[in-house]
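Below: the structure, in structure tokens.
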Amino acid sequence: MSSTFYITTPIYYVNAKPHLGHAYTTIVADVICRYNRMQNKESFFLTGTDEHGDKVERAAKNEGLSPRIYVDKISGLFKDLWPELNIEYSSFIRTTDPSHIAVVLKILQKIHDSGDIYFSEYEGLYCFGCERFYAERELVNGKCPDHETEPETISESNYFFKMSRYQDWLIDHIRQNPEFIRPERYKNEVLSFLKEPLEDLCISRPRTRLEWGIPLPFDDKFVTYVWFDALLNYVSALGYPDGALYRKFWPSAQHVIAKDILKPHGIYWPIMLRAAGIPVYKNLNVHGYWNIDESKMSKSLGNVVEPLSLKNIYGLDAFRFFLMREMAFGLDSSFNEEALVARVNSDLANDLGNLFSRVITMAHKYLEGIVPEIDPETEGELRGSLKLQASAAVEEYEKAMENFSFHKALISVWEFISLMNKYVDVTAPWVLAKKKTSRKELEFVIYDLLEGLRVVSGLIYPVMPDTAKTMQYHLGQDHEKPFYDLTNIKTWNGIKAGTKLPKSITLFPRIDKKKMESSLPEKKTGTITPDIKPEITLELLSNIDLRVATILKAESIPGAKKILKLEIDLGETRTIVAGIASSYTPEELEGKQVIVVANLKPAKIMGVTSNGMLLAATDENGCTVATLDKKVKPGTPLS
Ligand code: MSP
């Protein structure tokens, strides 16, 4: 097995803002990259933006900006979005980067010198949206299948790349490497396209028609066709031809794309590589399209879902989980908010969330929150059953992940979760806890459940990294260390006896449909939003000392229905009182990181002195405490 892994996304056009489709592909690349890192493979994840061509030139003009300023602006939107979706790419390439341009020039010259580029006149049907000529047979009712517009007939002299020369080689390569393009339906689509003679590819545009591109090294009256320029990003980003990254990662290259750009990636790109004397990529992984309400969601049709608004409403991990679980990789899927809510409530809140809080709560209730020492001699009907089921689940999971079948990988994890839920019901730890003689069995049952959860936390890491870390923390593991080593995950008995478990938390609160409707931006709610308060100076603001605090303990105060007494770690331990009892149980709060006004004058509430104030938002559904996206050191100031 190769010890390196190189994954790429398409580089996105900067003629529109990022949307759900882009987010999906990039999350897929992030998931598979995290999975490969779990296997200890040295991994490189490339994404970026495609910035030349008439599409981009026209979009800049529409905004009244120069192409250079316009591309900087939109490329920045993509670059800023990915970290917000917890996407950890290694490098972000822009086709306007000088290092990329240098590689394009080098490869064009090389292919020209070897005689694969010629000059000729051509008349054809051109779609400006796709920036390419179409053969009559590719059109649907005379229209471009993607843009649903009639292509225009244009005739001009241009440079052509002799793709036809490589047609037989490509057919052989695809046949001999059945995994080259996957899933199979897309391999078949490419092979069926290759049954007809391949036309040579027009790789230039006259500068009289298009300025915004890379001038050809052998004729500067022309610029490079945007696809010929863009595809080369996959090697230029690695420092082709001599870069250390290129040598290390190119042999393991895998691309992720959607079906809309199968032809350039399945036909032009391998042929370009072959003509340039570069080994072809290992796999092309092709997914389907997200449709919204049955109509295709894309920038050209205008019905675009803003990915960030969804993750803000439902939580980032829930959003990532939904995308990976709902779409069978390769097939189209329908995006629908109700389906997302249903998945969060059933798979995350019910199946995983309940199991998690049930097990940790039982470990506290029956075993004082200390991981027991397991006697390997303990006999029992169910002894070893979870261990076997976990190893079967991991095996299925690995097989599915290798094939980019993310939904299948998650199904195998959730089957295991459901077995664990059954195991709790069958073993009934609450019954075992009643008899002294069943103590050993009780310890072994709880231990195996904790271990099962540890396995689950590792397996969900690529899709839900934050949840995985939270679970690890509550299982007493060092969640800062790379706990997601697959070998470690697979080894049963990973949790050490004597480990002190932090209190349980709610991993995924159930989404209340009513609450969900009220949180959607376009729907008006009955809440009156107060007017913005009068302006203050920065100096005044800097006097307010906001700190991150971890709730160590939460308890109700006898006689007080609305408030809870909280013991918090804010770099020092303090007591505060918060009016949140109608929206949170004490168990839900313990372990949570919150934001506290640390320098508020102490006040006595129901006989308890409160040394600070917790921040929370209140609407007609109750209150929601302000938390952070990631865990940080208690006491960290907010600025
Ligand atoms: N710039 C080219 C790619 C050049 S790669 C050398 C391009 N850019 S794009 O901005 O149009 O992005 C297309 C890609 O965005 C798709 O292949 C897919 O990865 C993603 N998606 C865009 N809309 C999508 C959906 N509705 N559903 C799923 N993915 C989609 O083409």
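Within the group LYS553, LYS604, LYS592, which residue is over 23 Å from THR636 (Cα atoms) and charged (D, E, K, R)?
Result: LYS604 is the single residue among LYS553, LYS604, LYS592 that is over 23 Å from THR636 (Cα atoms) and charged (D, E, K, R).
Listed residues VAL413, VAL426; which is touching a residue at least 24 places away in the same chain (Cβ under 8 Å), in a helix (DSSP H, G or I) and more than 28 Å from GLU326 (Cα to Cα)?
The unique qualifying residue is VAL426.
Scanning for something within 14 Å of the ligand (Cβ to nearest atom), crowded, with 21+ Cβ neighbours inside 10 Å and among the aromatic types (Phe, Trp, Tyr), does region 236-258 turn up at least one residue?
no
From the list TYR24, TYR89, which residue is in contact (Cβ under 8 Å) with a residue 12 or more places away in the chain and either away from the ligand (no atom under 16 Å from the Cβ) or part of a helix (DSSP H, G or I) (or both)?
TYR24
All but one of (1) within 16 Å of the ligand (Cβ to nearest atom); (2) in contact with an Asp or Glu (Cβ under 6 Å, 6 or more places away or on another chain) hold for ALA275; state the number of the condition that does not hold.
(1)
How many residues does region 43-86 hold that are among the aliphatic types (A, V, I, L, M), assigned to a loop (DSSP other than H, G, I, E, B) and out of contact with any Pro (no Cβ under 9 Å at 6 or more places or on another chain)?
Counting residues in region 43-86 that are among the aliphatic types (A, V, I, L, M), assigned to a loop (DSSP other than H, G, I, E, B) and out of contact with any Pro (no Cβ under 9 Å at 6 or more places or on another chain) gives 1.
Evaluate region 378-390: report whether one residue or more is under 28 Å from the mean Cα position of the chain (by Cα), buried (at least 19 other Cβ atoms within 10 Å of the Cβ) and assigned to a helix (DSSP H, G or I).
Yes: region 378-390 contains one or more residues that are under 28 Å from the mean Cα position of the chain (by Cα), buried (at least 19 other Cβ atoms within 10 Å of the Cβ) and assigned to a helix (DSSP H, G or I).
Which one of GLU150, GLU211, GLU121, GLU199 is free of Cβ contacts under 8 Å to residues at least 40 places away in the same chain, part of a loop (DSSP other than H, G, I, E, B), in the same structural domain as VAL286 (by TED's automatic domain parsing) and not β-branched (Val, Ile, Thr)?
Answer to the selection: GLU150.
Of all residues in region 127-147, which are at pLDDT 90 or above and assigned to a strand (DSSP E or B)?
Selection gives VAL140, LYS143.
Go over the candidates ARG185, ARG165 one by one and state the one that is assigned to a helix (DSSP H, G or I), over 18 Å from TRP269 (Cβ atoms) and either open to solvent by less than 60 Å² (accessible area, probe 1.4 Å) or modelled with pLDDT of 95 or more (or both).
After applying the criteria, what remains is ARG185.
In region 215-311, which strands (runs of 3 or more DSSP E) lie fully inside it and hold 2 or more residues that are of a type outside the set (A, V, I, L, M, F, W, C) and at pLDDT 95 or above?
The qualifying strands (runs of 3 or more DSSP E) are 219-224, 253-258, 283-287.
Exactly one of these conditions fails for PRO67: (1) in contact with a helix residue (DSSP H, G or I) (Cβ under 6 Å, 6 or more places away or on another chain); (2) open to solvent by less than 10 Å² (accessible area, probe 1.4 Å). Give me its number.
(2)
Of the residues SER43, SER3, only one is modelled with pLDDT of 95 or more, more than 8 Å from the ligand (Cβ to nearest atom) and open to solvent by 10 Å² or more (accessible area, probe 1.4 Å); which?
SER43
Going by the conditions given, is PHE193 in the same structural domain as MET272 (by TED's automatic domain parsing), within 16 Å of LEU284 (Cβ to Cβ), in contact (Cβ under 8 Å) with a residue 40 or more places away in the chain and of a type outside the set (S, T, N, Q)?
Against the criterion (in the same structural domain as MET272 (by TED's automatic domain parsing), within 16 Å of LEU284 (Cβ to Cβ), in contact (Cβ under 8 Å) with a residue 40 or more places away in the chain and of a type outside the set (S, T, N, Q)), PHE193 qualifies.
Tell me the residue from ASP116, ASP50 that is touching a helix residue (DSSP H, G or I) at 6+ places or on another chain (Cβ under 7 Å), at pLDDT 95 or above and under 21 Å from THR8 (Cβ atoms), please.
It is ASP50.
Would you mention how many residues in region 433-449 are open to solvent by 20 Å² or more (accessible area, probe 1.4 Å) and in a helix (DSSP H, G or I)?
6
Any residue in region 606-630 that's closer than 18 Å to GLY315 by Cα: show its pairings with residues that are assigned to a loop (DSSP other than H, G, I, E, B) and among the hydrophobic types (A, V, I, L, M, F, W, C) at Cβ separation under 8 Å, as long as the two are six or more apart or on different chains.
If the second residue must be assigned to a loop (DSSP other than H, G, I, E, B) and among the hydrophobic types (A, V, I, L, M, F, W, C), the pairs left are ALA616/ILE580; ALA616/ALA626; ALA617/ALA626; CYS623/ILE580; VAL625/ILE580; VAL625/LEU615; ALA626/LEU615.
Going through region 76-90 one residue at a time, which ones are small (Gly, Ala, Ser) and open to solvent by less than 30 Å² (accessible area, probe 1.4 Å)?
Of everything in region 76-90, just one residue is small (Gly, Ala, Ser) and open to solvent by less than 30 Å² (accessible area, probe 1.4 Å), namely GLY76.
The values are calculated or read from the model by the stated rules, or taken from the named source; none is laboratory data. Remember, predicted model here, so these are calculated numbers, not experimental data. Cβ atoms come from the backbone with ideal geometry, glycine included; neighbour counts cover every protein chain shown. Please note that ligands, DNA and RNA were not included when accessible areas were found on the heavy atoms of the full protein model with its side chains. Shrake-Rupley method; radii C 1.70, N 1.55, O 1.52, S 1.80 Å.
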